[in-house]
1. Inspect all residues belonging to the stretch 271-290 and state whether any of them is closer than 30 Å to GLU37 by Cα, in contact (Cβ under 8 Å) with a residue 24 or more places away in the chain and loosely packed, with under 13 Cβ neighbours inside 10 Å.
2. Quick check: is even one residue across the stretch 248-259 loosely packed, with under 14 Cβ neighbours inside 10 Å and either on the phi > 0 side of the Ramachandran plot or part of a helix (DSSP H, G or I) (or both)?
3. When you look at TYR147, is it within 28 Å of ALA70 (Cα to Cα), in contact (Cβ under 8 Å) with a residue 24 or more places away in the chain and of a type outside the set (A, V, I, L, M, F, W, C), yes or no?
4. Working only within the stretch 1-48, note down all residues that are at pLDDT below 95, more than 18 Å from LEU95 (Cα to Cα) and under 22 Å from the mean Cα position of the chain (by Cα).
5. Among residues belonging to the stretch 299-322 that are of a type in the set (Gly, Ala, Ser) and either touching a strand residue (DSSP E or B) at 6+ places or on another chain (Cβ under 6 Å) or farther than 14 Å from TRP258 by Cα (or both), point out the one that is surrounded by the most Cβ atoms within 10 Å (Cβ to Cβ).
6. Of all residues in the stretch 121-141, which are surrounded by 12 or more Cβ atoms within 10 Å (Cβ to Cβ) and not acidic (Asp, Glu)?
7. Looking at GLU65, GLU9, GLU38, GLU25, which one is assigned to a helix (DSSP H, G or I) and not aliphatic (A, V, I, L, M)?
8. Inspect all residues belonging to the stretch 157-168 and state whether any of them is among the aliphatic types (A, V, I, L, M), in contact with a helix residue (DSSP H, G or I) (Cβ under 8 Å, 6 or more places away or on another chain) and under 23 Å from LEU101 (Cα atoms).
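The values are calculated or read from the model by the stated rules, or taken from the named source; none is laboratory data. Because the structure is predicted, anything quoted here is derived from the model rather than measured. Quick reminder, even Gly has a Cβ in these numbers, built from the backbone with ideal geometry, and neighbours come from all protein chains shown.
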Amino acid sequence: MGYIEIFREMISGFRTDVEKYIDGEKSDYLYNPKRTEENGITDSNYLNRQRLLYGLLYNVCRIDEPEREAIIRELFETEIKSRQEESFQGIGENLEMLTYLMRKYRREEDKKLFEKAKNANFDCYCGYEQNDPDAYSNYYEKNIEEYPIERCIDIAGELKLKDYACRLVDIYKPGMTDDDKFYSFKRYSEYTGRKEDLIFAVKGRFERALKNKADDFEMMCAYSGYIDFMIEDGDFEGAYSLLNEGRQYFSEYGRSAWQAGVRLMEALPDRAPEIWDFILPHIRTDLKNDMIAPVEAERVMRCADMMGAHKIAKAVKASYDKTMAEIGEMKSQK
């Protein structure tokens, strides 16, 4: 079975979602806020709604007018609400797809509705195309047969349909060459959840960068990806060796070096002084520019205290407190 046939099979499965919605079972598809400590407010029905939208986009079952228009309008309004409330903001594929589906129904009185979408959040304000009915046509107007396999993999992966993602990746993987994007395959490995795909991605990118004598930025990315994989896999000595081997490529891109370095310091305390000497200038640079993210700050502080660099630890703590206060203020205003 070719990749288009697999993708068609997947899309056909969304008929169930469309039929449920038509029958009035809407609770799994309309905006449903869920708050977590880690992510703030998220829409727990976002992916359910995306499956429904792909079903509508490709007409998996017949819906006569004006019922089809009413469904699309209702979903458009619920998507605007989702964009307004979502803590991570973003435009999102759902809003783009609905804008495309709305193009044949737009009326003059809808102007305020599209302005509401434009002003739903900062990302929408910056990037959402509200005035051009055909703004998203190039992306959503294609027949399924025109879809490249990369897009099919991304859709399956983003919808968390692991079985379909694996089947599509298994077709794509054997045909990869040096011209293909191994960094994209790392994303595909997240879709499949298979360790062998992750190894193929990070090792393939690394070996290709060495073979092709890539520029410093690509070399840094290749080394960084392989180092991160080794750390996650528990091969700390291997990661340490690669960090040393690739030192020259981190001179202009030091964040990746210190992010890996502090993890290695805790895993390899005997090597901590040497690692600290290498990463400290990069930590100072990012600290000066407020570029140490809250999620990384605690580990940096621990490593600084480990090395007796208490002034650095104190400065990182101050930066962390400032950032968290700003985040708290933004949340309270929202």
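1. The answer is yes; a qualifying residue exists.
2. Scanning the stretch 248-259 turns up at least one residue that is loosely packed, with under 14 Cβ neighbours inside 10 Å and either on the phi > 0 side of the Ramachandran plot or part of a helix (DSSP H, G or I) (or both).
3. Answer is no for this residue.
4. LYS34, ARG35, THR36, GLU37, GLU38, ASN39, GLY40
5. In this case the residue turns out to be SER319.
6. Selection gives ASN121, CYS124, TYR125, TYR128, GLN130, PRO133, ALA135, TYR136, SER137, TYR139, TYR140.
7. Among GLU65, GLU9, GLU38, GLU25, only GLU9 is assigned to a helix (DSSP H, G or I) and not aliphatic (A, V, I, L, M).
8. Yes, the stretch 157-168 has at least one match.
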